[in-house]
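Taking it in order: structure first as structure tokens, then the write-up.
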Amino acid sequence: MELVVVTGAARGIGAGIVHRLLQDEVRVLAIDMDESVQQSLNSSPTRGELITAVADVTDRSSIDTIAAEVRAEGVHLKGIVNNAGRTSTAALLEESPETFESVLHTNVTGAFHVMSAFLPWMLEQHSGSIVSISSVTALTGTFRRAAYSSSKAALLALTRSVATDYGAEGIRANSICPGAVDTDMLRHHLKNLPDDQRLAALDIVERRQLTPGLAEVDDVAAVAAFLLSDAAAFVNGAAWTVDGGWTAFNDLRPELR
């Protein structure tokens with residue numbers, strides 16, 4: 001059974017990807033800093049195999065240890081999903097240096113640590129697929145998301161660099177750029193906004209998307225499963241938007257003008 005490593009796996013998009021892969025009979029190493037990761041992911045029947053590890057992706061030594069332990073089992077590493085991340089809601093002059101650095105440390109340096117730990121294993125196999133969960137905020141301006149947008153753009157570039165440097169050695173590295181997805185992170189973000197800003201944010205989503213409503217985590221998980229699969233063998237260095245058409249046009253839906 002092939003192995004896929006998923007970070008930030010305890011909830012939201014990460015958990016959705018884990019559940020999808022388990023249904024596809026994949027062995028999944030789910031990494032999260034939340035100690036309840038095992039309990040969080042044991043809620044549904046599975047045809048695959050779940051392994052969990054509690055670790056912070058910004059702690060390189062912990063990630064290296066996990067990679068060494070799993071590699072010693074001799075399994076084939078099919079892929080990595082860089083999903084661990086954090087957000088911040090602030091414009092540049094509202095953002096503290098500490099928060100800015102923390103967001104980039106988790107979202108970018110964390111992915112760097114994970115890929116650095118597991119990529120040599122893939123290179124030895126001459127195969128492997130990396131999927132990084134970026135964001136549409138990496139592609140378009142978004143109000144009061146200075147740190148988050150910067151980090152997701154950097155993750156997008158880092159992932160494309162891996163594709164560029166190691167594609168000839170059998171490595172594929174692609175990004176997914178979700179739009180508004182119904183997750184705990186989005187709900188927390190909306191909850192912390194004043195009422196008028198929260199309503200305005202939901203109104204913008206409604207007006208800017210070609211497909212109304214919020215995406216579900218399963219929508220993102222389906223794309224991740226495809227990019228990890230052999231069906232995507234000729235897909236490399238790409239950014240896949242799962243945003244209901246948010247980045248496809250620069251107008252409002254006609255019926256909502």
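Going through (1) crowded, with 24+ Cβ neighbours inside 10 Å; (2) under 18 Å from PHE226 (Cα atoms); (3) modelled with pLDDT under 95 one by one, GLY48 falls short only on (1).
The rows are residues; the columns are (1) surrounded by fewer than 20 Cβ atoms within 10 Å (Cβ to Cβ); (2) in contact with a Lys or Arg (Cβ under 7 Å, 6 or more places away or on another chain).
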residue: ALA72; (1), (2): yes, no
residue: ALA90; (1), (2): yes, yes
residue: VAL114; (1), (2): no, no
residue: VAL131; (1), (2): no, no
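Filtered by the rule that a residue be within 21 Å of GLN39 (Cα to Cα) and over 20 Å from the mean Cα position of the chain (by Cα), the stretch 63-74 gives a lone residue, VAL70. Number of residues in the stretch 90-139 that are over 30 Å from ALA68 (Cβ atoms) and of a type in the set (Asp, Glu) equals 3.
Results for (1) over 14 Å from ILE80 (Cα atoms); (2) in a loop (DSSP other than H, G, I, E, B); (3) acidic (Asp, Glu); (4) without any contact (Cβ under 8 Å) to a residue 60 or more places away in the chain, shown as yes or no for each residue.
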| site | (1), (2), (3), (4) |
| --- | --- |
| GLU124 | yes, no, yes, yes |
| SER132 | no, no, no, yes |
| GLY141 | yes, yes, no, yes |
| SER149 | yes, no, no, yes |
| ALA154 | yes, no, no, yes |
| TYR166 | yes, no, no, yes |
| ARG172 | no, no, no, no |
| ILE176 | no, no, no, no |
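Here the condition is being surrounded by fewer than 18 Cβ atoms within 10 Å (Cβ to Cβ), farther than 15 Å from TRP121 by Cβ and among the hydrophobic types (A, V, I, L, M, F, W, C); of VAL28, VAL18, VAL37, VAL54, it holds for VAL54 alone.
Restricted to the stretch 116-129, and to residues there that are of a type outside the set (A, V, I, L, M, F, W, C) and surrounded by 17 or more Cβ atoms within 10 Å (Cβ to Cβ), the residue that is farthest from ALA72 (Cα to Cα) is SER129. So is ALA117 closer than 23 Å to THR52 by Cβ and either part of a helix (DSSP H, G or I) or at pLDDT below 95 (or both) or not? For ALA117, the condition - closer than 23 Å to THR52 by Cβ and either part of a helix (DSSP H, G or I) or at pLDDT below 95 (or both) - is met.
The values are calculated or read from the model by the stated rules, or taken from the named source; none is laboratory data. In this text, all values refer to a predicted model and were calculated from it rather than measured experimentally. Reconstructed Cβ throughout: ideal geometry from the backbone, glycine too, with neighbour counts over all protein chains shown.
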